[in-house]
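Asks: I have a structure here, written as structure tokens, and I will follow up with some questions on it.
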Amino acid sequence: MHISEGVLSAPVLVTGAAITAAGCGIGLKKLDYDRVPQVAILTSAFFVASLIHIPIGPSSVHLVLNGLMGLLLGWPAFPAILIALFLQALLFQFGGITTLGVNTFNMAFPAIICFYLFAYGVKGKNNLISMGAAFACGFFGILVGSLMVAISLVFTGDPFIGIAKVVVIAHLPVMIIEGLITLFSAGFLRKLKPELLEVVHAKR
Amino acid sequence: MPKDSPLRKKRLSRTTWPSVIFVILVIFAAASDTLAHRVVLFAYVEGNMVFTESYFSDGKKCQNSRIEVFDSSGNKLLEGQTDKNGEFSFKPPKKTDLRIVLTASMGHKDEYIIPAGDLPDGAEGKAWQSDAHGAGEKVFRARKGEEKGAPAGQLTRLEMEQIRTVVEETLDEKLKPIMRLLVKRQNEGISFIGVMGGIGFIFGIMGIILYFRSRKGR
């Protein structure tokens, strides 16, 4: 899911960087500073998640955890993902510094979508709905992320449907696995610390 | 409430510990296999051919990926596709710095530069047009045939040339695995230190934020 340096054209890079800057601004504004340690832990989870490869399917894919990030963090997922991707680019040469903006947007935007779509369902009283919403959250995080990558790559000249097919199919196993991870994490937190799932990250 | 503080402490540790353990497990899982998510392109010269290998850094080969070769001024010399084993080989059309660019699926890209000096001499010569490995020897034989009856001094020079070719070929052969290992080492972006360092950075940033918050709150 990391787009390398030198693949995208300047307008795409600048647009991505601008949107990411705006997203991080909102994220930092909405960040409840009592939650900073929680954000840090999730950032490190995201940071190491991409080292876990999933040996299924035709391409080389790895965990992303952006659905889980969105579910637990909301808007602060933006700066969290930015930091994690920056360190991945710096230490592992995943992606690149110039593509940081686009890559962050591609991963964080689905996280925010998941937050708005599923956070309410996950924290709800009904167990079955909660489990379903958590699975969908992990699943959609990757699905939307794949589509975002495909959209970014359209501007390199390849047709959208072609790339989208490749990216989405390659990530199908990841979608299912992340769905399960999010399901179990959310179930675990619901039992042990339900207030983490409450939408309390916005400043009151 | 006096009861509040120990309760709070307990609650915190209950949720923090699973997360911390998860992170630690992941670190060890990741560190045990050196995994990385990027493509690596590696090229080397052997005889008069340039061989390229490409793989995702988890070891999976990049199949059917596009390889383009540019000269020093950015003109495209040739392009092709990697085979099942992620390999592609070509005959450099001229002696120049070669910039080999690999474009794999989903926006992955890497490049490798072979300086002109690494390419065999006489790029424009006969040796260059001959396909087979060990072409130098053939050319030498041809030349020798042409120059039958030449003075002894010239023959010695040709013999030297032959020896040099053979030595170079043998060296190429022997050094290839070592070169490969070196490049692989160089390209392995991931290390335990990197993972720990990254996590350290994140918690360092957290510390700085909390520090400034606590000063503000006072």
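Asks: Can you tell me which of (1) in a loop (DSSP other than H, G, I, E, B); (2) open to solvent by 50 Å² or more (accessible area, probe 1.4 Å) is the one A:His2 doesn't meet?
Replies: Result: A:His2 fails condition (2) only.
Asks: Please determine whether any residue of region A:124-137 is within 14 Å of chain B (Cβ to nearest Cβ), of a type in the set (A, V, I, L, M) and surrounded by 19 or more Cβ atoms within 10 Å (Cβ to Cβ).
Replies: no
Asks: Any idea which of A:Val12, A:Val7, A:Val39, A:Val64 is more than 7 Å from chain B (Cβ to nearest Cβ), touching a Gly at 6+ places or on another chain (Cβ under 8 Å) and surrounded by 17 or more Cβ atoms within 10 Å (Cβ to Cβ)?
Replies: Going through A:Val12, A:Val7, A:Val39, A:Val64 in turn, the sole match is A:Val64.
Asks: Output the number of residues of region A:81-93 satisfying the condition of being surrounded by fewer than 24 Cβ atoms within 10 Å (Cβ to Cβ) and either part of a loop (DSSP other than H, G, I, E, B) or more than 7 Å from every other protein chain (Cβ to nearest Cβ) (or both).
Replies: Matching residues across region A:81-93 total 5.
Asks: Picking from B:Ile193, B:Ile178, which residue would you name as being surrounded by fewer than 14 Cβ atoms within 10 Å (Cβ to Cβ), at pLDDT below 85, under 29 Å from the mean Cα position of the chain (by Cα) and at the interface with another protein chain (Cβ under 10 Å from one of its Cβ atoms)?
Replies: B:Ile193
Asks: Have a look at A:Gly141, A:Gly121, A:Gly187 and point out the one that is buried (at least 22 other Cβ atoms within 10 Å of the Cβ), of a type outside the set (A, V, I, L, M, F, W, C) and part of a helix (DSSP H, G or I).
Replies: Checking each option against the conditions leaves just A:Gly141.
Asks: Continuing with the same structure: Within region B:45-63, is there a residue that is touching a helix residue (DSSP H, G or I) at 6+ places or on another chain (Cβ under 8 Å), of a type in the set (A, V, I, L, M, F, W, C) and in a strand (DSSP E or B)?
Replies: yes
The values are calculated or read from the model by the stated rules, or taken from the named source; none is laboratory data. Note that this is a predicted model, so its numbers are computed, not measured. As a convention, Cβ positions derive from the backbone with ideal geometry for all residues, glycine included, and neighbour counts pool all protein chains shown. Remember, those area values only see protein heavy atoms, side chains included, never the ligands or the DNA or RNA. Shrake-Rupley method; radii C 1.70, N 1.55, O 1.52, S 1.80 Å.
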